[in-house]
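> One structure coming up, written as structure tokens, with questions to follow.
The values are calculated or read from the model by the stated rules, or taken from the named source; none is laboratory data. Note that the structure is predicted; figures quoted are calculated from it, not measured. Here the Cβ positions follow ideal geometry from the backbone for every residue, glycine too, while neighbour counts run over all protein chains shown.
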Amino acid sequence: MQMVLHPADTTDSNGPIWTLPGTPPEPEHSVWDEPGLSPELSGTVPDSAVTWHRHFLAMSAATSTRMTWLVTICVALVAGPLAVPGAMMQSVGGSGLLLLVLIGPTAEEVLKVALPAWIVERRPWLYRSPAQILLCAVAAGVAFGVVENLIYLNVYIDKPTPQIVWWRWTVCLLLHASCSLIAGWGVVRTWREFQARQSLPQIALAAPALTTAIVVHGLYNATALILETTHAIF
């Protein structure tokens with residue numbers, strides 16, 4: 001058995017550089033996308049090298065605009081309702097101010113944009129523009145608010161007053177849509193930045209906007225609790 005220290009060049013003029021004979025390239029694990037890779041030491045990226053950004057460009061070219069809008073509509077319809085079970089589960093067995101102003105808002109805002117964020121991180125070519133991402137985020141917020149209202153007004157609240165009904169279908173719905181829009185801007189930032197840097201998508205770039213949405217939601221919950229306790233509303 002002979003060890004091969006320097007395997008022969010397997011570059012295919014009609015395709016990417018293969019890491020091993022018979023092994024397909026893995027765009028998500030390309031050596032050319034290593035964060036510490038220095039052009040001064042490694043030189044320029046070969047034209048045939050596999051990189052995540054080149055894979056993204058190829059998949060974008062192969063994905064029709066119609067398909068991106070089909071994905072956008074599907075995500076817009078299901079992202080909100082899919083977030084409801086997870087958000088409701090975090091409240092099981094929990095109560096108190098911490099749940100109301102921190103745990104609840106965090107779970108809800110993360111889950112509402114979880115599906116659009118996953119697409120941007122793993123399949124970003126399925127979006128053609130930031131508008132599609134924001135549409136998914138806002139639609140998820142509205143759908144989540146609608147499902148939550150139906151649960152609260154028909155299950156949790158016994159004989160809700162007209163004031164409560166009005167409040168939930170206006171203020172609460174607007175809150176969910178607005179917070180999801182804020183969080184959606186963070187997802188858009190991730191989508192834009194990886195293209196500008198020609199690197200792997202970094203969903204951590206969405207954290208500041210997501211944190212802002214959580215804070216806004218938490219402040220709203222705290223304010224509503226104070227107003228309800230002091231009988232200022234309802």
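> On the basis of being within 13 Å of the chain's Cα centre (by Cα) and among the basic types (Lys, Arg), does Arg189 make the cut?
Details: within 13 Å of the chain's Cα centre (by Cα): yes; among the basic types (Lys, Arg): yes.
The answer is yes for Arg189.
> If Gln90 satisfies every condition in (1) more than 30 Å from Thr229 (Cα to Cα); (2) at pLDDT below 95; (3) not aliphatic (A, V, I, L, M) but one, which is the exception?
Against the list (1) more than 30 Å from Thr229 (Cα to Cα); (2) at pLDDT below 95; (3) not aliphatic (A, V, I, L, M), Gln90 comes up short only on (1).
> Here is a follow-up. Among the candidates Gly141, Gly86, which residue alone is in contact (Cβ under 8 Å) with a residue 40 or more places away in the chain and outside any loop (DSSP other than H, G, I, E, B)?
Details: Gly86 fails: in contact (Cβ under 8 Å) with a residue 40 or more places away in the chain.
Result: Gly141 is the single residue among Gly141, Gly86 that is in contact (Cβ under 8 Å) with a residue 40 or more places away in the chain and outside any loop (DSSP other than H, G, I, E, B).
> Continuing with the same structure: Within region 216-234, take every residue that is in a helix (DSSP H, G or I) and free of Cβ contacts under 8 Å to residues at least 12 places away in the same chain and give me the one that is surrounded by the fewest Cβ atoms within 10 Å (Cβ to Cβ). Steps first, answer last, please.
Within region 216-234, the first condition is being in a helix (DSSP H, G or I), and the residues that meet it are 216-229.
Imposing the further condition that a residue be free of Cβ contacts under 8 Å to residues at least 12 places away in the same chain reduces the set to 223-224, 226-229.
Working: Thr223: 12, Ala224: 17, Ile226: 11, Leu227: 13, Glu228: 12, Thr229: 8.
The qualifying residue surrounded by the fewest Cβ atoms within 10 Å (Cβ to Cβ) is Thr229.
> Given the options Ala107, Ala114, Ala140, name the one that is under 28 Å from Trp52 (Cβ atoms) and either surrounded by fewer than 22 Cβ atoms within 10 Å (Cβ to Cβ) or modelled with pLDDT under 90 (or both). Talk me through it step by step, then tell me what you get.
Working: Ala107 fails: under 28 Å from Trp52 (Cβ atoms); Ala140 fails: either surrounded by fewer than 22 Cβ atoms within 10 Å (Cβ to Cβ) or modelled with pLDDT under 90 (or both).
When all the criteria are applied, what remains is Ala114.
> Only one of these is of a type in the set (Ser, Thr, Tyr), within 16 Å of the chain's Cα centre (by Cα) and either assigned to a helix (DSSP H, G or I) or more than 30 Å from Met59 (Cα to Cα) (or both): Thr170, Thr72. Name it. Full working, then the answer.
On the way: Thr170 fails: within 16 Å of the chain's Cα centre (by Cα).
Among Thr170, Thr72, only Thr72 is of a type in the set (Ser, Thr, Tyr), within 16 Å of the chain's Cα centre (by Cα) and either assigned to a helix (DSSP H, G or I) or more than 30 Å from Met59 (Cα to Cα) (or both).
> Name every residue in region 191-219 that is among the hydroxyl-bearing types (Ser, Thr, Tyr) and more than 17 Å from Val138 (Cβ to Cβ), in order of residue number.
Taking region 191-219 first, the residues among the hydroxyl-bearing types (Ser, Thr, Tyr) are 199, 211-212.
Ser199, Thr211, listed by residue number.
Matching residues to (1) assigned to a helix (DSSP H, G or I); (2) closer than 19 Å to Phe56 by Cβ; (3) without any contact (Cβ under 8 Å) to a residue 60 or more places away in the chain:
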residue	(1), (2), (3)
Leu100	yes, no, no
Ala107	yes, no, yes
Ile119	yes, yes, yes
Leu150	yes, no, yes
Trp166	yes, no, yes
Ser178	yes, no, yes
Arg189	yes, yes, yes
Thr212	yes, no, yes
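> Which numbered condition trips up Arg128, out of (1) in a helix (DSSP H, G or I); (2) within 17 Å of the chain's Cα centre (by Cα); (3) in contact (Cβ under 8 Å) with a residue 40 or more places away in the chain?
That leaves (1) as the condition not met.
> Consider Glu148 carefully, then state whether it is buried (at least 19 other Cβ atoms within 10 Å of the Cβ), among the charged types (D, E, K, R) and modelled with pLDDT of 90 or more.
Values: buried (at least 19 other Cβ atoms within 10 Å of the Cβ): yes; among the charged types (D, E, K, R): yes; modelled with pLDDT of 90 or more: yes.
For Glu148, the condition - buried (at least 19 other Cβ atoms within 10 Å of the Cβ), among the charged types (D, E, K, R) and modelled with pLDDT of 90 or more - is met.
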